Amino acid sequence: MRIIAGHFRGRRLKAPPGPRVRPTSDSLRETLFNVLGGSVEGARVLDAFAGTGALGLEALSRGAREATFVERDAAALRVLEQNIKTCGVEDACVIIRGDFSIVLTRRQAFDLILLDPPYEIEMERIADIVAGAATLVTPHGTVVLEHSRRRPSPEQAGPLRRTRVLTAGDSALSWYAPESAPARLE
């Protein structure tokens, strides 16, 4: 696994051993950031269910201002800290140790929220997670959910509406925007 583009292009990232953490593939990350394009520049990013931190670090590599990582697995946290040091971006990163619900209690706003919960999580819980992200995203921000392509993402989650879905292999990416945001092309 490596950083695809930007300032840290080609830097190798580590992953914890075993099946507990499923890092986003290089090709899926490339697709995600190609679609996001220039909207990452200067963004405040939340990488929830961060695992290795590959999504947030890719965002920083492409010009994001700062990244907050949320992870509860101890082995993944150790690797996440190493990956942040590998990229030399400790000053631009915040690590929240714990469940996604912890970040919901904070008064922070993010321009880009990247959600990568375990694929086996119940769809009802997925809808709750996406709806929770609505309390954290800026009015013109974006929420992206990575999920199994076999399990469709919710069309609506709280005040967020799904605006786009892309599939690649066994994975899918679903984009969400606040209902008050201008409509986007599929």
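The values are calculated or read from the model by the stated rules, or taken from the named source; none is laboratory data. Everything numeric here is computed off the predicted structure, so don't read it as measured data. Glycine gets a Cβ as well: all are built from the backbone with ideal geometry, and neighbour counts include every protein chain shown.
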(request) Give me a count of the residues in the range 2-38 that are among the hydrophobic types (A, V, I, L, M, F, W, C), closer than 17 Å to residue 87 by Cβ, touching a residue at least 40 places away in the same chain (Cβ under 8 Å) and crowded, with 16+ Cβ neighbours inside 10 Å. (result) 5
(request) With respect to residue 53, determine if the residue is more than 14 Å from the chain's Cα centre (by Cα) and either free of Cβ contacts under 8 Å to residues at least 24 places away in the same chain or at positive phi (or both). (result) no
(request) Search the range 93-118 for residues being in contact with a Lys or Arg (Cβ under 9 Å, 6 or more places away or on another chain) and buried (at least 16 other Cβ atoms within 10 Å of the Cβ), and hand back the single one that is nearest to residue 140 (Cα to Cα). (result) 111
(message) The conditions are (1) modelled with pLDDT of 95 or more; (2) of a type in the set (Lys, Arg); (3) closer than 17 Å to residue 45 by Cα, and residue 85 fails exactly one of them. Which is it?
(response) (3)
(request) Search the range 39-78 for residues being touching a Cys at 6+ places or on another chain (Cβ under 8 Å) and over 18 Å from residue 103 (Cα atoms), and hand back the single one that is surrounded by the fewest Cβ atoms within 10 Å (Cβ to Cβ). (result) 61
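Residue by residue, here is whether (1) surrounded by fewer than 16 Cβ atoms within 10 Å (Cβ to Cβ); (2) touching a strand residue (DSSP E or B) at 6+ places or on another chain (Cβ under 8 Å); (3) touching a residue at least 40 places away in the same chain (Cβ under 8 Å) holds:
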{"position": "90", "(1), (2), (3)": "yes, no, no"}
{"position": "121", "(1), (2), (3)": "yes, no, no"}
{"position": "153", "(1), (2), (3)": "no, yes, no"}
{"position": "165", "(1), (2), (3)": "no, yes, no"}
{"position": "175", "(1), (2), (3)": "no, yes, yes"}
(request) Quick one: in the range 130-146, of everything that is hydrophobic (A, V, I, L, M, F, W, C) and in contact (Cβ under 8 Å) with a residue 60 or more places away in the chain, which residue is nearest to residue 163 (Cα to Cα)? (result) 144
(message) So in the range 140-181, with the set limited to residues that are farther than 18 Å from residue 33 by Cβ and among the acidic types (Asp, Glu), which one is modelled with the lowest pLDDT?
(response) 179
(message) I want to confirm something. Restricting to the range 97-152 and keeping residues that are of a type in the set (A, V, I, L, M) and assigned to a strand (DSSP E or B), which single residue is nearest to residue 55 (Cα to Cα)?
(response) 114
(request) Considering each of 8, 69 in turn, give the residue that is at pLDDT below 95 and of a type in the set (Phe, Trp, Tyr). (result) 8
